[in-house]
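What follows draws every value from the coordinates through simple rules; no lab data is involved. Here the structure is a predicted model, which is why all the values come from computation and not from measurement. Cβ sites come from the backbone with ideal geometry, for glycine too, and all protein chains shown count toward neighbours.
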Amino acid sequence: MNFTPRSVKITFVKRNVLPAARKGRPPSEMAASHAAIMDAVYALLEEKSVRDLTMEEVAKRARVGKPTLYKWWPTKATLVLAMLCERMAPNLAMRTVLTAEESLRFRVRQLIKVFNGPFGKIVAGLIAEGQSEPAIRREFFDRLVSPRRTATIADLQRGKNAGELRSDTEPDLLNDAIFGAIYYRFLLRSGPLTRQFGEELVEQVIRGHRSGNTRS
């Protein structure tokens, strides 16, 4: 007769005494680990190429386990690209509203500045990896190139609509003529990639697209 009450009592005590299961690490620890990983990728790529970088080295430098890396980034390329999106992309952001030509010149200056800095070698290495890995090339374009290309084309279209540029201007072709030349010089080293080159390039390409309503 005492069996059932005692069983119920034991069950009741277990339900109230056992602590709740911990679900993952606190957000602060996750943020710290994430920052350490990004720092490790950047530091290692100052010493070696994207091709020579390994996930083992990143995990060791960041003091995290390899499963943590692969949980967030399934490949080395996605990890490097994530670092570029966090650390390089903000340097390309435009913070003020400018005319179409001013916007174009600003974006050209910023890109050349970035390519001549520590991120330049990393970008070149990632593009090189993308030649044999189509998925890397697509993701590089989709995450880093396409958003800025779209924004620049929108600025040029706005300038066309406002009468800054000729009515027969094709914003996408104008964009590609300028930034294609920058990537050509950046990757093939056909000449120095300088701010002066960027200014002269924009002037040469956009000269025939200005309308009579805008200043040079």
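Here are the numbers for this structure:
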| read-out | value |
| --- | --- |
| Residue 161-residue 194 pseudo-label distance in nm [points 7 Å out on the Cα-to-Cβ vector] | 3.9 nm |
| Three-way shape label, region 57-188, alpha-carbon gyration tensor, a/c 1.5 | prolate |
| Region 144-212 - charge dipole about Cα centre, Lys and Arg +1 at Cβ, Asp and Glu -1, debye rounded to 20 | 160 debye |
| Too-long pairs where the Cα-Cα distance tops 25 Å, listed order kept, from 113/160; 48/76; 76/121; 60/121 | 113/160 |
| Paramagnetic reach from residue 46 (point 7 Å along Cα→Cβ, amide N under 14 Å) across region 94-133 | 117-122 |
| Other-chain or far-sequence residues with amide H under 5 Å of residue 165's (modelled H) | 160, 211 |
| Residue 184/residue 61 FRET efficiency (R0 35 Å; Cβ-Cβ; nearest 0.05) | 0.55 |
| Simple label model, 7 Å out from Cα along Cβ direction - residue 211 to residue 173, nm | 1.9 nm |
| Efficiency of FRET between residue 34 and residue 146 - r from beta-carbon atoms, R0 22 angstrom, step 0.05 | 0.35 |
| Inter-part distance where region 107-134 and region 67-89 are each reduced to a Cα centre, Å | 16 Å |
